[in-house]
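The values are calculated or read from the model by the stated rules, or taken from the named source; none is laboratory data. Only a predicted model underlies this, so the values are computations on that prediction, with no experimental measurement involved. Methodologically, a virtual Cβ is constructed for each residue, glycine included, from the backbone with ideal geometry; neighbour enumeration extends over all protein chains shown. Remember, those area values only see protein heavy atoms, side chains included, never the ligands or the DNA or RNA. Shrake-Rupley method; radii C 1.70, N 1.55, O 1.52, S 1.80 Å.
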Amino acid sequence: MEAERKRIDWIDCARGIGILLVMVGHGVDGLLRALIFSFHMPLFFILSGRTFRPSKDGRAWQRNVKRGARQLLIPLAAVYLMRAAVTLWQSPGLLGEASYWKGFFCTFVFGSGVDIENSGIFGGARIEAMGMPWFFFALFFGRSLYDFLQMKCRGKGLAAACMAVSGAGFGLGKLQWLPFSLDITLAVIPFFYVGDSLRRVDLEKGTGRLLTVLGILWLATLAAEYPDPGRWTYLELAWRRYPLYPLCLFTAAAGSLFLCGVSIRILKLGKMVRPVLFLGKNSMYLLCVHCMDYLWHPLCYGNGPAFFSLMKKIMADVVIFLLVMAAVNSIKNFCRGG
């Protein structure tokens with residue numbers, strides 16, 4: 001949901017594939033999950049670094065921060081309020097319980113994708129997981145922080161600053177998960193640097209040899225981080241799992257760039273890729289729908305192979321996403337007509 005400008009098809013294609021991988025990754029286990037999780041969210045940080053408008057001064061930076069808040073924090077708040085409304089509709093008695101509202105506040109502030117049994121900061125309160133808010137926070141704060149860093153640093157100094165900030169986030173995440181997932185924000189800053197650096201690279205002229213090298217680097221380094229298929233030892237940002245840090249960041253970057261190269265080649269299929277481009281162009285809307293799919297999740301899983309249950313869930317996400325997009329377009333047309 002970035003500001004409208006000339007779109008780059010391979011970026012929309014990569015985002016479309018990426019958001020589909022997000023949905024698949026949340027419904028599988030084992031090696032396939034490891035392959036997806038090793039880069040699927042870093043991909044969006046990298047692409048955001050490639051498409052954002054670098055600020056040249058403080059005033060421009062403030063405009064970018066405000067724009068980012070509209071694009072990311074407002075949708076996040078809307079989804080969170082919708083989840084709360086559903087919860088209160090299902091259990092009206094919670095409306096007058098102070099413990100519910102304490103949890104409501106803490107869950108939003110921490111924005112964690114997983115349960116936190118003892119937050120430390122909020123008196124040991126148990127904070128429930130809420131889908132993907134950590135990603136929205138990390139994308140907003142991370143892009144804003146990187147934009148500030150690129151104004152103050154240049155060249156190797158910027159790269160060094162990004163790695164120093166990332167190291168701080170990695171260390172903090174091991175000690176205490178911070179509100180608004182700020183420790184993740186710091187840890188992922190190098191991905192924005194990688195994306196920003198892509199402005200100086202024409203991936204569309206890349207060779208098949210480069211794609212092969214990226215694929216090998218991605219899989220080889222992942223194998224080092226994930227030697228035992230029975231254990232979750234690959235990159236998982238919501239859990240603050242950074243195996244063999246900072247090698248896992250390199251793995252995520254290699255996997256993301258590999259998918260970007262694949263996306264460029266997929267575009268040769270022409271009209272067949274249009275649905276993927278549509279998903280990519282509106283990937284944040286689809287992610288918001290995915291955050292709410294706990295509502296229809298039980299309807300999709302039942303007897304039968306898990307694969308078919310997962311496909312039903314993904315199809316349900318996509319159908320509801322299309323309904324949301326139809327409503328959004330109707331509202332836009334109404335506003336233009338008014």
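Contour minus end-to-end for ASP228 and LYS152, with contour as 0.36 nm per residue of separation and end-to-end as the Cα-Cα distance?
Details: separation 76, 0.36 × 76 = 27.36 nm, distance 4.24 nm.
Stretched out fully, the ASP228 to LYS152 stretch lengthens by 23.1 nm.
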* Asked: How would HIS297, HIS40 rank on accessible area, largest to smallest, probe 1.4 Å?
  -> HIS297, HIS40
* Structure fact -> Listed by chain and number, the residues whose amide H is under 5 Å from that of ARG241, excluding neighbours fewer than 5 places away on the same chain and using placed H, are GLU236
* How high is the FRET efficiency between LEU175 and ASP29 when r is their beta carbon distance and R₀ equals 41 Å, given to the nearest 0.05? -> 0.90
* Partners for LYS268 among lysines (Cα-Cα distance below 21 Å; same-chain residues under 8 apart left out) -> LYS6, LYS205, LYS281
* Leaving ligands, DNA and RNA out of it, work out the accessible area of PHE44 with a 1.4 Å probe and give it in Å² to the nearest 10. => 10 Å²
* Percent of accessible area on the chain owned by carbon and sulfur, 1.4 Å probe? -> 67 percent
* **Within region 266-310: backbone nitrogen closer than 16 Å to the VAL319 label point (7 Å, Cα to C-beta)** => 290, 293-302, 308-310
* To do: Would you mind calculating the gained length between ALA168 and ARG70 on full extension (0.36 nm times residue separation, minus the Cα-Cα distance), in nm to one decimal?
  => 32.5 nm
* log₁₀ I(q)/I(0) of region 47-96 at q = 0.16 Å⁻¹, via Debye over equal Cα point scatterers, no solvent, to two decimals? -> -0.61
* So how do GLU97, GLU236 rank on accessible area, 1.4 Å probe, biggest first, that is with the largest at the start? -> GLU97, GLU236
* **Inter-label distance, nm, simple model (7 Å from Cα along the C-beta direction), PHE308/SER99** => 4.2 nm
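Protein chains only, probe 1.4 Å: how do ARG274, ARG59, ARG67 rank by accessible area, largest first?
Numbers: ARG274 150, ARG59 175, ARG67 55 Å².
From most accessible down to least: ARG59, ARG274, ARG67.
Using 0.36 nm per residue, how much length does the chain from ALA220 to HIS297 gain when fully extended, once their Cα-Cα distance is taken away?
Numbers: separation 77, 0.36 × 77 = 27.72 nm, distance 3.47 nm.
Separation in residues times 0.36 nm, less the Cα-Cα distance, equals 24.3 nm.
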* To do: Would you mind working out the accessible area per residue for the chain, using a 1.4 Å probe, and quoting it in Å²?
  => 49 Å²
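Which value, in debye to the nearest 20, describes the size of the charge dipole of the chain about its Cα centre when Lys and Arg Cβ atoms bear +1, Asp and Glu Cβ atoms bear -1, and nothing else is charged? Walk me through the intermediate numbers first.
Numbers: 37 positive and 20 negative charges, 293 e Å.
The dipole magnitude comes to about 1400 debye.
Taking every pair of distinct Cα atoms and averaging 1/r, then inverting, what Kirkwood hydrodynamic radius in Å comes out for the chain?
Details: mean 1/r = 0.0475 Å⁻¹.
Answer for the chain: a Kirkwood hydrodynamic radius of 21.1 Å.
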